[in-house]
Each structure stands twice: as C-alpha cells, then as structure tokens.
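For reference, the structure discussed in these notes is given below.
The values are calculated or read from the model by the stated rules, or taken from the named source; none is laboratory data. Because the structure is predicted, anything quoted here is derived from the model rather than measured. Neighbour counts run over all protein chains shown; Cβ positions are idealised from the backbone, glycine included. These accessible areas exclude ligands, DNA and RNA; they are computed on the full protein's heavy atoms, side chains included. Shrake-Rupley method; radii C 1.70, N 1.55, O 1.52, S 1.80 Å.
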Amino acid sequence: MPDRQYLVAANWKMNGSLESAKSLVIGIKQGLAGNNNAEVAICPPFIYLPEISGFLSDTSISLGAQNVSHLENGAYTGEISSVMLTDFACRYVIVGHSERRNLYHESDSRVAEKFIAAQAQGLIPILCVGELLEERETNTTEDVIARQLDVVIDKAGISAFANAVIAYEPVWAIGTGKTATPEQAQEVHEFIRLRLARHDNEIANGIRILYGGSVKADNAEQLFKMADIDGGLIGGASLIADDFLTICRAVR
Ligand code: 13P
C-alpha cells in the first residue's frame, strides 16, 4: 500500500467575517495542537488570506486559496494571480470546484489553464472533479470524470500530477446533506486512480484523492477507511471548529 499522507482541507467558500474567520482558525489551531495524523489545510476567502496566514505561521497547518486566475498579470479586474497567492504563503489552491464550473461557467480547458498557472508558481492545485445528479442518474459519471481529468492530463502532462491533489466531489452531494456512500465514493476514486495509471502507475499510486460532499463528523471515518480515499475537502462542516477537528481526527 503506497504511503499517501491524508489531507483534510477546509473550503470555507464565501462564509464568515474577519472576526469569525479569526476565531475559527484559533479554534482549529488549538484543537489540532499535538496530535494529528493528517495534513490539514485551510482555504479561506482571498481577502482573509493575509490574516489567516499570520495565525498559521507557527503551525503545520497549510494555507490554500479557493480559486486563481489562469493568467499571470494585467488588466483583469477582480482577478487574483498565482504570484499573489504565494506572497501569503499559500501551499494549495482549489481549481475547478463545481461551483466555479457551474455558476461561473469555467470550462474544462480553463480549469486546466488554472492548474498549470498554479503549478508554475509552485502552488499545489487541488483539482476538483464530479458529476451532476442527472449525470449520475443517466450512468455517465465515469464519462464526465474522464473528460474532466483528460483535459488536464492532455494540457499539463501526466508528470504534473506528481504535484497535485484531486478532489472527487459529486455535485449532488455538495451542501445537500446527501453524502455519497463510502462504496459509491470508492468506486469513483478507484476509477480516477486507474485513469491516471494508464499514463503513469507511480503517479497514480502516489496522488492523494480527496472526497468532498457533505462530509460530517459522523460519516468521515467510514469514508476515510476506503482504500482510495486519502482525505476530504470539507465545506459546511469546516465552519464549525469542533466538527472540523473531529473530521481531522477521523483519519486512520
Ligand atoms: P459541503 O461539505 O458543504 O457539502 O461542501 C463540499 C465542498 O464543496 C467542498 O469543496
């Protein structure tokens, strides 16, 4: 069994205030002190990165962003570049979250460009893939995941996946309280790993594949026990320190 360190990442999305962000990070930091098997990352809204970065500097908790521009710099109002993220000690950046794909119309190829732009500055992309409810119901889950992955493999090259994380997030499970069963999630995680193994077995075995979609304190352990689930990308439950800490401690 390859030695993949678990990663539990908090995606705070567009929630909270400066005050609540500070008290949440303090709660997580105190709760994790000393004992932790998983690597933990926090992805706050862009504007709180400098403040949160300060709180994490004396910890092993990693910082991540929720999105990044595919471009380096220039007249792109409202965008944030990879270089800017590295100024605040970001290690990770989420790319291709389904909310970006579906609400902001980010195409597969735009997601691949973001993945490449992030890596160009040494950031580790957390590439999100996942099917819509109607895609699952019409048995096209694997086609969708394959398409989302293949565009990035084609554009970035398989070797780029040596420095990346994948998150499988079925869209029907996000924020709905309807978690994929451990078996349903495992099936897709295994599919993802095999898809990468077509190109490079070692990279496929080494990459961490996180599950996201209504992971809670009471279901994390069952999910994390599955062979190809290497941690989680946590939305709602990452906004409550105790719940997030319970999820972090649910790793093997
Ligand atoms: P929830 O945990 O709120 O379902 O969100 C999952 C997610 O989208 C994490 O990126």
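Going Cα to Cα from K13, which aspartates and glutamates come in below 17 Å? Please leave out same-chain ones fewer than 8 positions away.
Hits, sequence-local ones excluded: E51, E79, E99, E106, E169, D243.
Under the rule of -39500 (n - 2.57) per DSSP H run of 4 or more residues, summed and divided by the residues of the chain, what mean residue ellipticity at 222 nm is obtained, to the nearest 500 deg cm²/dmol?
Values: 11 runs with 103 residues, N = 252.
For the chain, the value works out to -11500 deg cm²/dmol.
Only Cα pairs under 8 Å and at least 6 apart count here; give the relative contact order of the chain as a rounded whole percent.
Once normalised by length, the contact order is 22 percent.
Just read off the accessible area of T181 with the full protein assembly in place, 1.4 Å probe, to the nearest 10 Å².
Number for this one is 60 Å².
With the chain treated as a Gaussian network of Cα nodes joined by springs under 10 Å, which of L239, L85, L132 yields the largest mean-square fluctuation?
Looking only at L239, L85, L132, the largest GNM fluctuation is found for L132.
For the range 100-252, with the dipole built from +1 on Lys and Arg beta-carbon atoms and -1 on Asp and Glu ones, taken about the Cα centre, which of F224, S238, C128 lies farthest toward the positive end?
The residue sitting farthest along the positive end of the dipole is S238.
Ignoring ligands, DNA and RNA, how do T246, T77 rank by accessible area with a 1.4 Å probe, largest first? Could the numbers behind the result be given before it?
Numbers: T246 60, T77 145 Å².
Heavy-atom accessible area, descending, gives T77, T246.
Can you give me the % of accessible surface on the chain that is carbon or sulfur? Probe 1.4 Å, all protein chains present, nothing else counted.
On the way: 5540 of 11280 Å².
The C+S portion of the solvent-accessible surface of the chain is 49 percent.
I'd like the accessible area for L18: 1.4 Å probe, protein heavy atoms, all chains in place, Å² to the nearest 10.
Here the accessible area works out near 70 Å².
Taking 0.36 nm per residue of separation and subtracting the Cα-Cα distance, what length does fully extending E19 through T181 add? List each step's numbers first, then the result.
Values: separation 162, 0.36 × 162 = 58.32 nm, distance 3.54 nm.
Roughly 54.8 nm would be gained on extension.
Would you check the accessible area of D243, probe 1.4 Å, heavy atoms only, in square angstrom rounded to 10?
Rounded to the nearest 10, that gives 50 Å².
About the Cα centre, and with charges only on the beta carbon of Lys, Arg (+1) and Asp, Glu (-1), how big is the dipole of the range 116-252? Nearest 20 debye, please.
Numbers: 12 positive and 20 negative charges, 74 e Å.
Here the range 116-252 has a charge dipole of around 360 debye.
Quick one: check the C-alpha center-to-center distance for the range 40-113 versus the range 126-196, whole angstrom.
Here the answer is 20 Å between Cα centres.
Would you list E99, E202 from the most to the least accessible area, probe 1.4 Å? List each step's numbers first, then the result.
Values: E99 60, E202 155 Å².
From most accessible down to least: E202, E99.
About the Cα centre of the chain, how large is the charge dipole given +1 on each Lys and Arg Cβ and -1 on each Asp and Glu Cβ? Please answer in debye to the nearest 20.
Magnitude of the dipole: close to 380 debye.
According to the square roots a ≥ b ≥ c of the eigenvalues of the Cα gyration tensor, what is the shape class of the chain, taking rounded for a/c under 1.5, prolate for a/b larger than b/c otherwise, and oblate for the remainder? The partial results should precede the final answer.
Working: a/c = 1.44, a/b = 1.11, b/c = 1.30.
In terms of gyration-tensor shape, rounded.
Probe of 1.4 angstrom, ligands and nucleic acids ignored: what's the accessible area per residue over the range 154-236, in square angstrom?
40 Å²
Lysines near K155 by alpha-carbon distance under 22 Å, same-chain residues fewer than 8 away left out - which ones?
Those lysines meeting the cut-off are K114.
At 1.4 Å probe radius, can you tell me the per residue accessible area of the range 65-122 in Å²?
On the way: 2970 Å² over 58 residues.
For the range 65-122, the solvent-accessible area averages 51 Å² per residue.
Please list, or write none, the lysines whose alpha carbon is within less than 23 Å of the alpha carbon of K225, excluding same-chain residues fewer than 8 places away.
K178, K216
Rounded, prolate or oblate: pick one for the range 59-108, where a ≥ b ≥ c are the square roots of the eigenvalues of its C-alpha gyration tensor, a/c under 1.5 means rounded, and failing that, prolate if a/b is larger than b/c, else oblate. Write down the numbers at each step before the final one.
Working: a/c = 2.94, a/b = 1.29, b/c = 2.27.
Oblate, because a/c is 1.5 or more while a/b does not exceed b/c.
In nm, to one decimal, how far is the E202 label point from the D218 one, both placed 7 Å along Cα→Cβ?
4.5 nm
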